[in-house]
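Scroll down for the structure; my scribbles are underneath it.
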2 protein chains.
Amino acid sequence: MSLVVQKYGGSSVADAESIKRVARRIVETRKAGHAVCVVVSAMGDTTDELLDLANQVSPLPPGRELDMLLTSGERISMALVAMAIANLGHEARSFTGSQAGVITDAVHGKARIIDVTPGRIQTALAAGHIAIVAGFQGVSVDTKDITTLGRGGSDTTAVALAAALEADVCEIYTDVDGVFTADPRIVPSARKVPVVSNEEMLELAACGAKILHLRCVEYARRFGMPIHVRSSFSAHEGTWVTDAAYTGFRRPAGLGGDEQQHEGETVEAPIIAGVAHDRSEAKITVVGVPDRAGKAAAIFQAVAEAEINIDMIVQNVSATETGLTDISFTLPKSDGQTGVQALTRLQDTVGFSGILYDDHIGKLSLVGAGMRSHPGVSATLFQALADAGINIEMISTSEIRVSVVTRDDQLDAAVRAVHTAFGLDSTQGEAVVYGGTGR
Amino acid sequence: MSLVVQKYGGSSVADAESIKRVARRIVETRKAGHAVCVVVSAMGDTTDELLDLANQVSPLPPGRELDMLLTSGERISMALVAMAIANLGHEARSFTGSQAGVITDAVHGKARIIDVTPGRIQTALAAGHIAIVAGFQGVSVDTKDITTLGRGGSDTTAVALAAALEADVCEIYTDVDGVFTADPRIVPSARKVPVVSNEEMLELAACGAKILHLRCVEYARRFGMPIHVRSSFSAHEGTWVTDAAYTGFRRPAGLGGDEQQHEGETVEAPIIAGVAHDRSEAKITVVGVPDRAGKAAAIFQAVAEAEINIDMIVQNVSATETGLTDISFTLPKSDGQTGVQALTRLQDTVGFSGILYDDHIGKLSLVGAGMRSHPGVSATLFQALADAGINIEMISTSEIRVSVVTRDDQLDAAVRAVHTAFGLDSTQGEAVVYGGTGR
């Protein structure tokens, strides 16, 4: 008997009808002979409503109490899912994060999972019951207080629990069919990707693809847990995220969706897994920095001390006659004000002439494990953008990724141009000529 | 330093403004130098909203899951109260029933408290923190599942916790000023009673006074915990419920409200503590029962097996020429259908001629420890009702109580007439002449 961990997000359990639909899906999986452990998020807008209540009583609620409050959201949804399953004649038991053995550190609001000791879940599954677990929450090993895991927490709960239970697969149900070569709202011809490697998924998640959270993919890679991202609205196979993506991938028996099963197939890594985009960043340019050792270090030290994660960095070639240079970097828009303030305090000591803040940038990222063995990807990318009349403001690369910054109002056109240039459109063939001299 | 346990009901924490008001009240108590442990119910209509959700996904939700669902209600209110206190600059920590050590049996929906092990509460109080505890909930000693205590559960939590913590007083905050000689909505001249004994409060609660639940008073009597019932909207002293009511009652220092303090006063037990009324019962009459041994036993055996609690019983004098008698009893309206069905199945074996069901009755109860030493109470009662033209259908008495059943549309008039006849109206003196030959 296979063991499946399924995770349903807030939109999948938004109301009574959705909960009943999810319950039918869970029961179908159980009736197909699998042991099933389900992780649920809070219903639809519950978390926002609870946050609103908290703000009404306190402008800055203590983290411990905020976690106590927010965790009631999953408590509600998991109990309702268990009831809906019982109403279909199957036995279900709901468990809080604490009851499920999700042990975390004590950092309220963004706790990290330290260990998972799912004894009660195993007992329930051994009795033939369907276990329903609250996502996003755990209990601190030190204080015994209830914690929340922060953004993407329910996905992470599901993968961590799947790993601890040695499940065959962790299914993440969402409102789209899987991972696409680009956001279908921007590129209507985007195709669903059948398999993607963990490293590709990590790059895609880091570059703005919202389908899976970074921490969840990191966890899956660490424990070798295959993730199946699929729609809760269809029985179609979605996207498998697994390190075995290109080395002989075997779907767990009976868990591949309703499409044709491929046994232990080996797929050649495609050159491009997808085109991600991100509008959540802004750019700060420090103008007229004296081109001397230690100046750049002082600037990035100040930014780091403000606990801001920067992404891309560009330093212009120094204008030799002035001895001055410009340094640009990108950071989350939400950290923009903090960043500008931290740097302004530095102006006299570092001696730069000014700070420019630009929150009208967009970032396009091309991700694919096949880039390693295919030179010329960057050249094709730059040519496609040039042909579309789009100016590139910054560039950064990793082994399997190329990212460029453009104006934000040109980002959609850029994504479409690049998607077409790399033959990713669903109606096109894959004949792409790579010119140029490598990346 | 005194230790106070305060309990706030759903109407006291119905919205953000109410929660902030309750927080100010709690902080005032703390600032007066007392250690404070607070028990809260779910906000206003939360429990009903959750029950509605449950009914949308399942007509008959499993008790375990219903308890898991409903307990999120107090989780929300207690976290919000803790946040509001923190916003006033005081340290507060919220605890679920399980974290507070409220150990119960495993009867979901109406669990009984087996033990209270409030180690975490004691640690919080010792650190000078205000402890906020979820009412109405506990954890099963056997299954480790979350349970709810059923009706009046938050009051019971407060008293049980107060007993385990050896608190000086358990304050039950409500939306009225205390225990009244009658429901002020029916008798505008009803007076607040300063002290009442546990046995009187038990009779009043059992007879329809909704201010305190039976189980909570039983618990207080068992552990000798004084209860102070008072309004969360004023600083006035409310009603003290204590076995020491008439034997030398001493209020804990500084915990008597804003009125004049009386040290160790001895109050003579008043003849009448109050007039309670109840419209929640119905009457079943089994007509034409053969007047032979075992017939009545068979009838009440059947009712007991249907798990129905009956209240009053009247058997008419047998009409000797027919050898038949009528048996009437009262039971909760909510059990009416079940009761009629249980008896109908019995008709052939017992051989009675029919069943009458009447859900238009009302019950008036006169309660007072002073009845023991004052004969004539019943006679005064019956005369008052006769003078008001109200017919008595059934009578039952205990040592400190007389109850009568009337038509439901005459109940309000009956309560007013009796309240006046016993000199309980606030504008009247207490000169009442007791005639008659005792009860």
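In segment B:307-329, which residues are surrounded by fewer than 16 Cβ atoms within 10 Å (Cβ to Cβ) and over 13 Å from B:Phe352 (Cα atoms)?
Residues satisfying the conditions are B:Glu307, B:Asn309, B:Ile313, B:Gln315, B:Asn316, B:Val317, B:Ser318, B:Ala319, B:Thr320, B:Glu321.
For (1) more than 9 Å from chain A (Cβ to nearest Cβ); (2) open to solvent by 10 Å² or more (accessible area, probe 1.4 Å), each residue gets a yes or a no:
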{"position": "B:Arg21", "(1), (2)": "yes, yes"}
{"position": "B:Lys31", "(1), (2)": "yes, yes"}
{"position": "B:Asp45", "(1), (2)": "yes, yes"}
{"position": "B:Leu66", "(1), (2)": "no, yes"}
{"position": "B:Ala84", "(1), (2)": "no, no"}
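From the residues in segment A:156-194 that are of a type in the set (A, V, I, L, M), in contact with a Ser or Thr (Cβ under 7 Å, 6 or more places away or on another chain) and open to solvent by less than 20 Å² (accessible area, probe 1.4 Å), which one is farthest from A:Lys363 (Cα to Cα)?
A:Val193
Rundown of residues vs (1) modelled with pLDDT under 95; (2) farther than 20 Å from A:Val133 by Cα; (3) over 20 Å from the mean Cα position of the chain (by Cα); (4) of a type in the set (Ser, Thr, Tyr), yes/no style:
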site: A:Arg24; (1), (2), (3), (4): no, no, yes, no
site: A:Val27; (1), (2), (3), (4): no, no, yes, no
site: A:His34; (1), (2), (3), (4): no, no, yes, no
site: A:Ala42; (1), (2), (3), (4): no, no, no, no
site: A:Thr46; (1), (2), (3), (4): yes, no, yes, yes
site: A:Thr71; (1), (2), (3), (4): no, no, yes, yes
Inset, instruction - Give me a count of the residues in segment A:86-97 that are surrounded by fewer than 24 Cβ atoms within 10 Å (Cβ to Cβ), at the interface with another protein chain (Cβ under 7 Å from one of its Cβ atoms) and either of a type in the set (Lys, Arg) or not in a helix (DSSP H, G or I) (or both). - result: 1
Inset, instruction - Being of a type in the set (A, V, I, L, M, F, W, C) and either buried (at least 24 other Cβ atoms within 10 Å of the Cβ) or touching a residue at least 40 places away in the same chain (Cβ under 8 Å) (or both) is the filter here, so list the residues in segment B:125-150 that pass it. - result: B:Leu125, B:Ile130, B:Ala131, B:Ile132, B:Val133, B:Ala134, B:Phe136, B:Val139, B:Ile146, B:Leu149
Inset, instruction - Kindly check whether there is at least one residue in segment A:330-351 that is open to solvent by 40 Å² or more (accessible area, probe 1.4 Å), of a type outside the set (Asp, Glu), free of Cβ contacts under 8 Å to residues at least 12 places away in the same chain and touching a Phe, Trp or Tyr at 6+ places or on another chain (Cβ under 9 Å). - result: yes
Inset, instruction - Return a yes/no flag: does segment B:280-301 have any residue that is small (Gly, Ala, Ser), assigned to a helix (DSSP H, G or I) and free of Cβ contacts under 8 Å to residues at least 40 places away in the same chain. - result: yes
Inset, instruction - Answer yes or no as to whether B:Leu53 is in contact with a strand residue (DSSP E or B) (Cβ under 9 Å, 6 or more places away or on another chain) and at the interface with chain A (Cβ under 7 Å from one of its Cβ atoms). - result: no
Inset, instruction - Taking only segment B:50-60 into account, find how many residues are out of contact with any helix residue (DSSP H, G or I) (no Cβ under 8 Å at 6 or more places or on another chain) and part of a loop (DSSP other than H, G, I, E, B). - result: 2
Inset, instruction - With the condition kept exactly as written, say whether any residue in segment A:98-121 is part of a helix (DSSP H, G or I), more than 9 Å from chain B (Cβ to nearest Cβ) and either within 25 Å of A:Leu3 (Cα to Cα) or open to solvent by less than 30 Å² (accessible area, probe 1.4 Å) (or both). - result: yes
Inset, instruction - Could you check A:Arg75 against (1) open to solvent by 10 Å² or more (accessible area, probe 1.4 Å); (2) away from chain B (no Cβ under 14 Å) and say which number it fails? - result: (2)
Legend entry - Only listed residue being of a type in the set (A, V, I, L, M) and open to solvent by 60 Å² or more (accessible area, probe 1.4 Å), chosen from A:Leu381, A:Leu356, A:Leu411: A:Leu356
Inset, instruction - Could you tell me whether any residue of segment B:401-408 is at pLDDT 90 or above, closer than 21 Å to B:Met371 by Cβ, surrounded by fewer than 21 Cβ atoms within 10 Å (Cβ to Cβ) and of a type in the set (Lys, Arg)? - result: no
Inset, instruction - Output the residue which, of all residues in segment B:275-299 that are open to solvent by less than 40 Å² (accessible area, probe 1.4 Å) and within 30 Å of B:Leu424 (Cα to Cα), is farthest from the chain's Cα centre (by Cα). - result: B:Lys283
Inset, instruction - Please enumerate the residues belonging to segment B:9-49 that are among the charged types (D, E, K, R) and outside any loop (DSSP other than H, G, I, E, B). - result: B:Glu17, B:Lys20, B:Arg21, B:Arg24, B:Arg25, B:Glu28, B:Arg30, B:Lys31, B:Asp48, B:Glu49
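State whether one or more residues within segment B:243-264 are assigned to a loop (DSSP other than H, G, I, E, B), at pLDDT 90 or above and of a type in the set (S, T, N, Q). First the steps, then the outcome.
Of segment B:243-264, the ones assigned to a loop (DSSP other than H, G, I, E, B) are B:247-248, B:250-264.
Adding the requirement that they be at pLDDT 90 or above leaves none.
Checked against the condition, which is being assigned to a loop (DSSP other than H, G, I, E, B), at pLDDT 90 or above and of a type in the set (S, T, N, Q), segment B:243-264 yields no hits at all.
The values are calculated or read from the model by the stated rules, or taken from the named source; none is laboratory data. As the structure is a prediction and not an experimental result, all values here were calculated from the model. Ideal geometry is used to build each Cβ from the backbone, glycine not excepted, and the neighbour counts take in all protein chains shown. The protein model used for the area step is the full one, side chains on, heavy atoms only, and it has no ligands, DNA or RNA in it. Shrake-Rupley method; radii C 1.70, N 1.55, O 1.52, S 1.80 Å.
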